[in-house]
1. Could you run through the stretch 130-156 and say how many residues are in contact with an Asp or Glu (Cβ under 9 Å, 6 or more places away or on another chain) and part of a helix (DSSP H, G or I)?
2. Anything in the stretch 59-93 that is of a type in the set (Lys, Arg) and either touching a Pro at 6+ places or on another chain (Cβ under 9 Å) or free of Cβ contacts under 8 Å to residues at least 12 places away in the same chain (or both)? List them, or say none.
3. Scanning the stretch 94-129 for residues that are aromatic (Phe, Trp, Tyr) and outside any helix (DSSP H, G or I), which turns out nearest to the chain's Cα centre (by Cα)?
4. Determine, yes or no, whether Ile235 is within 19 Å of Thr150 (Cα to Cα), under 16 Å from the mean Cα position of the chain (by Cα) and either assigned by TED's automatic domain parsing to the domain that holds Ser179 or at pLDDT 95 or above (or both).
5. Within the stretch 127-140, does at least one residue satisfy the condition of being free of Cβ contacts under 8 Å to residues at least 12 places away in the same chain, surrounded by fewer than 24 Cβ atoms within 10 Å (Cβ to Cβ) and outside the structural domain of Glu87 (by TED's automatic domain parsing)?
6. Taking interchain pairs and intrachain pairs at least six residues apart, which have beta carbon atoms under 9 angstrom, with the first residue in the stretch 254-279 and in the same structural domain as Ala119 (by TED's automatic domain parsing) and the second charged (D, E, K, R) and not in a strand (DSSP E or B)?
7. Name the one entry in Ile74, Ile61 that is buried (at least 16 other Cβ atoms within 10 Å of the Cβ) and within 24 Å of Pro122 (Cβ to Cβ).
8. Could you list, in sequence order, the residues of the stretch 150-169 that are surrounded by 22 or more Cβ atoms within 10 Å (Cβ to Cβ), more than 16 Å from the chain's Cα centre (by Cα) and touching a residue at least 24 places away in the same chain (Cβ under 8 Å)?
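The values are calculated or read from the model by the stated rules, or taken from the named source; none is laboratory data. Note that the coordinates shown come from a computational prediction; the quantities given were computed from them, not determined experimentally. Note: ideal-geometry Cβ built from the backbone for every residue, glycine included; neighbour counts use all protein chains shown.
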Amino acid sequence: MKNKVVIVGCGNVGMSYAYALVNQKTFVKELVLIDINEERVAGEAMDLSHGIPFAPSKVQIKAGTYDDCKDAKIVCICAGANQKPGETRLDLIKKNYRIFKDLIPKIMNSGFHGLFLIATNPVDAMSYFTYRLSNLPASHIIGSGTTLDTSRLRYLISEKLDINAKNIHAYALGEHGDSEFVPWSHASVGLESIYSYLSDDDLNAICENVRKAAYEVIQRKGVTNYGIGMCLVRITNAILGNENTILSVSTYHEKENVFISTPSIINQDGVKNQVLFPLNEEEQAKLNHSMEVIHQAICSVLQDESNNN
């Protein structure tokens with residue numbers, strides 16, 4: 001299997017991911033772009049290719065078809081309806097499920113047996129549907145989850161404290177959506193508890209700012225794309241570099257039968273392990289609530305489908 005990445009859906013998010021892949025040092029050797037607008041995506045491939053002489057490494061880029069998925073290591077799905085001002089991510093679930101029902105079988109019919117990286121919202125539910133529609137092992141399905149929320153979280157704490165974000169150790173967990181939360185009992189700056197630096201009011205304000213960040217960006221510019229593009233590259237590097245890196249991606253929790261973000265170890269085989277750690281009573285209740293929100297959203301789609309058959 002090649003170090004080949006296929007992006008399905010080359011709108012704002014897909015192309016931000018592609019652009020970030022080309023501009024950062026990665027192990028990607030071949031990048032294939034697939035989109036319903038074949039003419040535009042051919043232009044996107046040409047445009048990116050023209051900058052390769054100034055890129056950190058050589059990447060072969062082309063517009064392709066689903067047949068190109070056969071020997072890909074990663075197929076990243078960014079296709080789907082965009083979140084509009086005033087919409088929640090869960091509002092997108094039924095229309096994006098219909099899209100996935102069409103494209104997942106096309107990908108699998110190519111002979112694909114690599115890893116799915118899902119960015120389409122609501123990402124936890126769409127990761128679950130990918131798992132069910134593809135029949136691949138759960139460890140082969142990775143949702144971008146709360147990686148972007150975690151990045152936002154560390155950025156805001158870093159700005160507040162004037163300390164490098166790389167020394168902020170904290171995660172946003174749960175649904176990539178309105179029920180996400182931060183387990184502050186496990187957050188630290190360097191080796192010191194976050195409570196030594198910030199008050200409860202500060203922490204609550206930061207958590208709320210993380211939760212509403214996407215709404216604010218969408219209200220101002222119509223879409224969030226650069227941050228998630230960079231997060232997708234981070235996950236890609238963890239896979240292709242066989243890093244065994246801990247990231248807050250959306251993975252399958254078998255007991256609850258949902259995909260949800262908790263820290264997980266990511267390497268060339270996909271999800272190596274989920275990192276289990278004790279939550280206090282309040283944090284566990286928030287995680288349980290988040291799981292229930294995702295579960296109910298999935299059930300609503302499957303119930304509609306059952307009623308229509």
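1. The total comes to 4.
2. Across the stretch 59-93, the qualifying residue is only Arg89.
3. The extreme case among them is Phe116.
4. Yes.
5. No, the stretch 127-140 contains no residue that is free of Cβ contacts under 8 Å to residues at least 12 places away in the same chain, surrounded by fewer than 24 Cβ atoms within 10 Å (Cβ to Cβ) and outside the structural domain of Glu87 (by TED's automatic domain parsing).
6. Close Cβ pairs satisfying both conditions: none exist.
7. Ile74
8. Correct list: Ile157 only.
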